[in-house]
1. Taking the full set of protein chains and a 1.4 angstrom probe, give the accessible area of Cys11 in square angstrom, rounded to the nearest 10.
2. Would you mind checking which residues have amide H under 5 Å from Thr306's amide H? H placed 1.01 Å from N; only 5 or more apart, or other chain.
3. Might you work out the accessible area of Thr294 for me, using a 1.4 Å probe with all protein chains in place, and round it to the nearest 10 Å²?
4. To the nearest 10 degrees, how steep is helix 232-241 against the longest Cα principal axis of the chain, on a 0 to 90 scale?
5. Among Ala125, Gly186, Ala136, whose Cα lies farthest out toward the positive end of the dipole of the chain, if unit charges sit on the beta carbon of Lys, Arg (+1) and Asp, Glu (-1)?
6. Find out how many positive minus negative residues lie around Asp133, taking Lys and Arg as positive, Asp and Glu as negative, among other residues whose Cβ is under 15 Å from that of Asp133.
7. Could you give the angle, 0 to 90 degrees to the nearest 10, between helix 43-52's Cα long axis and the longest principal axis of the Cα atoms of the chain?
8. Once the piece of chain linking Leu239 and Glu73 is laid out straight, how much longer is it, given 0.36 nm per residue of separation minus the C-alpha distance between them?
Amino acid sequence: MTETFALFAACLPGLEPLLCDELKDLGAAPTAVAGGATFQGDLRLLFTACLQLGTASHVVIRVAGFPCRALGELERKAALLPWSSLLRADVPARVRAVCKRSRIWHSGAAEERLENAIAKGLGRAPRRAEAEDPDAAVIAVRIVDDHVTISLDATTTPLHRRGWRLATAKAPLREDLAHALLLASGWQPGQALLDPFCGAGTIAIEAACVAADLAPGRLRPPPCRHLGLWNERLWQDVLTAARPEPTIDVSHLAASDRDAGAIEDARGNAERAGVAAAIEFRCCAVSAQPWLATPAAAPPNGTLVTNPPFGVRVAGGEQLASLYQSLGHRLQGLGAGWRLAMLAYDVRMARRVGRPLRSAFATRIGGLGIAAMIDAEVTAKGPDPAASV
Ligand SMILES: C[S@@+](CC[C@H](N)C(=O)[O-])C[C@H]1O[C@@H](n2cnc3c(N)ncnc32)[C@H](O)[C@@H]1O
C-alpha cells in the first residue's frame, strides 16, 4: 500500500489562501494555517508539490508529534521513529530545535537528544552537517507547550529559488511573491502582461513560465534526494507528467526598466528560465515604454503587473508620487481593457495611481510590510474582497 505522509507547505505570511488554491489544483485537500498549509499525501504528491507549487517556500514531512516533558522521554520516543527509512546513511544531517513554553527549554540539549535518538535508530551516529551545507538533511524539532513536532525538510534550498534568477539587479523580488501577485492579479496565460519596472525581470519571467506551463521547480535539485525516501523512478515519472503542452500561447509579454544593467540581468535570467523568446525586454523609462507611450500599439486587453520603486531600497523620494501618478495616467490611456496589480509598501502612495484599488493580500518580507494592490473590481483566484489595507 502507498504510504501517506502528513505534509506542511510553508509560504510567506498572507499567501496561505493562494497556496491552498494551488494545492487543491494538485488534488490535495489542504487546511490553511499561519505560514502555510497542512495536507496529506503520498510521495508522488510530495514530489509534485515541490515541482509545481509557485507560492510555497518549503514542503516538510511531519514525522511525528507527541506530548513530552523531559529530555529522556524525547530521546526514548524519538528513537522509535523509522530513521533508517527516512534518512540516508551517506548524507550528513542537521537537527534544529526550537523550544517555547515547555519544560524542555534548552534547544541545544533537545538537539543533542534527537541526535542520540537518530543514532540509535540508524544503528550509528549520523554524519553531522556543517552549518550551511545545502545538501544536508534538516530535521526540525519544535517543542511548544510540552508537545513535540518532528519534521523533515523535503526541499534542500527554498522552493522560491527557482534556479534561473541568478542575476538580481538592484532590488529583486522573490519569485514566490511574484507568483502570488500574478495569481492575485487576474491575469491569465495568453493575455497581455506588462511590467514597466521589471528590474531583474522576475514578474515577467514567472508569467512566461506560467503561460508556457513550465513547472516552477523544474530547474531545481529534486526534492528528497538527500533523504531515505528518494525514488529516482518516481521523480522521473512526476517530471514526465509535468511536461508542458507545446501549443500554449506565450505572446504579449513586455518588460522594461530604465536601468540598462537591470535589463541585461533580466535577459540573462529569462534565458536561464528558457523563456527569453517570449518576453519583449526594453531599456526605457516608464514614460517611453511603447505600449504606454503609444496606446494604439498596445493589445486592447491586458494586465500591468509590477513592483514599482517603493523609495526604500531603490531611490525615490519626492519624485515617487509623480511617478505613480504618471503610471496611473498612462495606464488609463490604454483603455478599459487593462487592469493593474502592483506591490505597495506605502498604500497611500500606491493610490496615487488614481484608480480604485483593493488589497488582494498583505505580507511581510525583509522586515517590510507589503500589500498586493489590485483593481477593485478584479475577482481573481485567491484575493479576499474583505481584505483591506
Ligand atoms: C523594486 S525594483 C523592481 C524589482 C523587480 N521586480 C525585480 O524582481 O528585480 C524597481 C525598478 O524600477 C526601475 N525604475 C525606477 N524608476 C523608473 C522609471 N521612471 N522608469 C522605468 N524604470 C524605473 C528601477 O530601475 C528598478 O529596477
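1. Looks like 10 Å² after rounding.
2. Ala341, Met342, Leu343
3. Roll a 1.4 Å probe over it and Thr294 shows about 70 Å².
4. Once rounded, the angle reads 20 degrees.
5. Ala125
6. Values: positive: Arg88, Arg94, Arg96, Arg127, Arg128, Arg225; negative: Asp90, Glu130, Glu132, Asp135, Asp153.
Around Asp133, the surrounding residues sum to +1.
7. Helix 43-52 sits at roughly 30 degrees to that axis.
8. Working: separation 166, 0.36 × 166 = 59.76 nm, distance 4.18 nm.
Stretched fully, the Leu239-Glu73 segment lengthens by 55.6 nm.
The values are calculated or read from the model by the stated rules, or taken from the named source; none is laboratory data. What you see is a predicted model, and the numbers here were worked out from it, not measured in a lab. In this analysis, Cβ positions are derived from the backbone assuming ideal geometry, glycine residues included, and neighbour counts consider all displayed protein chains. Just so you know, the surface numbers come from the protein's heavy atoms only, side chains and all, with ligands and any DNA or RNA stripped out. Shrake-Rupley method; radii C 1.70, N 1.55, O 1.52, S 1.80 Å.
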